[in-house]
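Structure first, commentary second.
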Amino acid sequence: MLIRNVEVYGQIMDVRTKGKLISEIGPHLGGVADFNGKGGAILPGLHDHHIHLNATAAALNSVRCGPPNVEDEEQLIAALNADGEGWLRGVGYHHSVAGEIDREWLDANGPDRPVRIQHRSGRLWILNSRALNELAIKTPRNGRLYDSDHLMRRRGFPDLTSLIKKLKSWGITGVTEVTPSNGLAEFDNYLEQAGDLNLSIMGNSELTDLNHTRRGHLKLHYHDHDLPPLSNLVREISVAHHAGRPVAAHCVTRAELMMTLAAIEEAGPMSGDRIEHAAIADQAAIEWMQRLGVIVVTQPNFITERLDAYRQDVPGKDHPNLWRLKSFADAGLRLAAGSDAPFGDPNPWAAMAAAVNRPAGFEHEAISPEEALALYTKPVNDAGGKPRRVAVGEPADLIVLDNSWEEAKANLLAVRASKL
């Protein structure tokens, strides 16, 4: 393939690919052009290093039940009672809208159809009576089910076609699927539906003995209220490491992060071990992660998307430690980014914009456009690796922007990309 008239790190060049690699870069390469970039910057395809594909695909056809779309109880009732039939799936609910709603509230205020609403945290489902009856769920009677995705999945896997098309429209050519309950059935489903999307698939211990290039980390997903004994977590990490499998641990709170780092230290760190989110990390935690050599995969988008909630719910003393970027980079931590969609916006350019132009009070953790882009160009199987480049011999999963990099970085939110 011959790609003509593209900007390669500030210079207008032609790029030729052969098979899956870049074979030649130079001005005025011979041959008939397959694509004219019209001076737009050519970049490695972007990689979302933390996404939930099935949940994001389902969310595309779901009712938004939380900020910024829905801000109060009246708006929530209106959203739920819009025209429709069959199952209603709501997403993004937050208690700031109407409090701790439950089965009784949904029965009184929602439509006469099965309703299930997912809390913004991703851990809680709230079901009305019709939904509980259809799924034959008898407890808890209030319809508030924690960590029960396996019960919701009885209705089958969603079609990923529309989601993958949308991801590619932003220049995303690969993703890391991080859902902790992923087993063999989910693994096979992703492979079947993903097409040419470059995948790494995390999951549970069911995948540990799977000999496949797309099998990823063991996902650890514990929370403050149910942290296991340290010895149990050490054992779980040790078993994975012994099988040659690094771990990726959900760490949103300080307690989750401290527990995980202690367990990794005792088990012995393995190259590739990841901390997901690192939402609150003080200097001591940064130095500990540095010593262990773990990779941090964070979500720059959340500081913008959830700003009002953070200002209200997170103590002021922790604001400097919230969703850090520059401090991680300055400490030499290996760093990458993902959206955490559907709990965050899957548009990587919006996340890059948030990383560069952080809100008032959080500016100290801003990074440059080039550093933000680098968070999304790490190799598919190594979020801690060096950013991929447009160079001879490098993979040919390339995208072309609709303008130069200088123009693009001036307004990252407006970037448009074409996958080659």
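Just a few scattered comments:
- Taken over segment 229-245, the residue count meeting the criterion of being surrounded by fewer than 15 Cβ atoms within 10 Å (Cβ to Cβ), touching an Asp or Glu at 6+ places or on another chain (Cβ under 8 Å) and either within 15 Å of L261 (Cβ to Cβ) or free of Cβ contacts under 8 Å to residues at least 12 places away in the same chain (or both) is 1.
- Any chance L191 is touching a helix residue (DSSP H, G or I) at 6+ places or on another chain (Cβ under 8 Å) and either assigned by TED's automatic domain parsing to the domain that holds S169 or modelled with pLDDT of 95 or more (or both): no
- Single condition D313 does not satisfy, out of (1) surrounded by 24 or more Cβ atoms within 10 Å (Cβ to Cβ); (2) free of Cβ contacts under 8 Å to residues at least 24 places away in the same chain: (1)
- Looking across segment 336-372, the residues that are under 21 Å from P395 (Cα atoms) and crowded, with 23+ Cβ neighbours inside 10 Å come down to A336, A337, G338, P348, A372.
- Residues within segment 1-12 that are under 17 Å from A408 (Cβ atoms) and either hydroxyl-bearing (S, T, Y) or more than 31 Å from the chain's Cα centre (by Cα) (or both), tallied: 4
- Unmet criterion (only one of (1) exposed (fewer than 15 other Cβ atoms within 10 Å of the Cβ); (2) in contact (Cβ under 8 Å) with a residue 24 or more places away in the chain; (3) out of contact with any helix residue (DSSP H, G or I) (no Cβ under 8 Å at 6 or more places or on another chain)) for G268: (3)
- Restricting attention to segment 212-235, the residues being closer than 17 Å to E276 by Cα and not in a loop (DSSP other than H, G, I, E, B) number 7.
Here's the yes/no breakdown for (1) in the same structural domain as T176 (by TED's automatic domain parsing); (2) in contact (Cβ under 8 Å) with a residue 40 or more places away in the chain; (3) surrounded by 15 or more Cβ atoms within 10 Å (Cβ to Cβ); (4) in contact with a Leu (Cβ under 9 Å, 6 or more places away or on another chain):
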residue: V380; (1), (2), (3), (4): yes, yes, yes, yes
residue: A383; (1), (2), (3), (4): yes, yes, yes, yes
residue: G393; (1), (2), (3), (4): no, yes, no, yes
residue: D397; (1), (2), (3), (4): no, yes, yes, yes
residue: V400; (1), (2), (3), (4): no, yes, yes, yes
residue: N403; (1), (2), (3), (4): no, yes, yes, no
residue: A410; (1), (2), (3), (4): no, no, no, no
residue: V415; (1), (2), (3), (4): no, yes, yes, yes
residue: K419; (1), (2), (3), (4): no, yes, yes, yes
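- Counting only helices (runs of 4 or more DSSP H) that sit wholly inside segment 313-420, those with at least 1 residues that are among the hydroxyl-bearing types (S, T, Y) are 326-330.
- Contacts under 6 angstrom Cβ, first residue in segment 321-339 being closer than 16 Å to S368 by Cα, partner at pLDDT 95 or above and of a type in the set (D, E, K, R), 6 or more apart: R324/E365; L325/E365; K326/E365; A336/K378
- Residue, farthest from P180 (Cα to Cα), within segment 125-147, restricted to residues that are surrounded by fewer than 16 Cβ atoms within 10 Å (Cβ to Cβ) and either touching a residue at least 60 places away in the same chain (Cβ under 8 Å) or under 24 Å from the mean Cα position of the chain (by Cα) (or both): Y146
- Any hit, segment 1-8, residues being surrounded by 14 or more Cβ atoms within 10 Å (Cβ to Cβ), outside the structural domain of N381 (by TED's automatic domain parsing) and part of a loop (DSSP other than H, G, I, E, B): yes
- Whenever a residue of segment 6-21 is closer than 21 Å to E407 by Cα and at pLDDT 95 or above, it has no partner that is in a loop (DSSP other than H, G, I, E, B) and basic (K, R) lying with C-beta atoms less than 7 angstrom away and at least six residues away or across chains.
- Matching option when the condition is under 30 Å from L80 (Cβ atoms) and in the same structural domain as H241 (by TED's automatic domain parsing), among S129, S181: S181
- The set of residues from segment 279-334 being of a type in the set (A, V, I, L, M) and over 25 Å from P346 (Cβ atoms) comprises A284, A285, I286, M289, L292, A331.
- P300 vs. criteria assigned to a loop (DSSP other than H, G, I, E, B), in contact with a strand residue (DSSP E or B) (Cβ under 6 Å, 6 or more places away or on another chain), over 16 Å from G122 (Cβ atoms) and of a type outside the set (F, W, Y): yes
The values are calculated or read from the model by the stated rules, or taken from the named source; none is laboratory data. This is a predicted model, so every value here is computed, not measured. Note: ideal-geometry Cβ built from the backbone for every residue, glycine included; neighbour counts use all protein chains shown.
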